[in-house]
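The values are calculated or read from the model by the stated rules, or taken from the named source; none is laboratory data. In this text, all values refer to a predicted model and were calculated from it rather than measured experimentally. Note that we place each Cβ from the backbone using ideal geometry, even for glycine, and neighbour counts take in every protein chain shown.
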Amino acid sequence: MTPARPPAPIKTPCIQVCVVDGESGLCLGCYRRLAEIAGWAKLGAAEREAIMAELPSRRSLIAPQKLAMF
């Protein structure tokens, strides 16, 4: 019998800057919405990859002066 392996870590865009912008509803660190952050572990790998592919374009939804704080 082979020993059980621990599950692979879940890929995440989190950079430990957890501040949600009230105007856009996006995290200033990773650009995810609160619902996406809360349900991240329950999403399938394909769903997480799709969201992560979208994140760079979300940056433009946040006022530049708010991003300058980080």
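Details
- Per the listing ARG59, ARG5, ARG48, the residue uniquely assigned to a loop (DSSP other than H, G, I, E, B) and among the charged types (D, E, K, R) is ARG5.
- Residue tally, condition surrounded by 12 or more Cβ atoms within 10 Å (Cβ to Cβ) and among the aliphatic types (A, V, I, L, M), over region 20-39: 4
- Residue among ILE10, ILE37 that is outside any loop (DSSP other than H, G, I, E, B) and either at pLDDT 95 or above or not basic (Lys, Arg) (or both): ILE37
- Selected residue (criterion: farthest from the chain's Cα centre (by Cα)) from residues of region 1-44 that are hydroxyl-bearing (Ser, Thr, Tyr) and more than 19 Å from ALA63 (Cβ to Cβ): THR2
- Residue count for region 40-56 under the criterion of being aliphatic (A, V, I, L, M) and either at pLDDT below 95 or loosely packed, with under 11 Cβ neighbours inside 10 Å (or both): the result is 4.
- Cβ-Cβ under 8 Å pairs, at least 6 apart or on other chains, region 3-30 side of a type outside the set (D, E, K, R), far side exposed (fewer than 10 other Cβ atoms within 10 Å of the Cβ): ILE10/ALA41; VAL17/PHE70; VAL19/PHE70; LEU28/MET69; LEU28/PHE70; GLY29/GLN16; GLY29/PHE70
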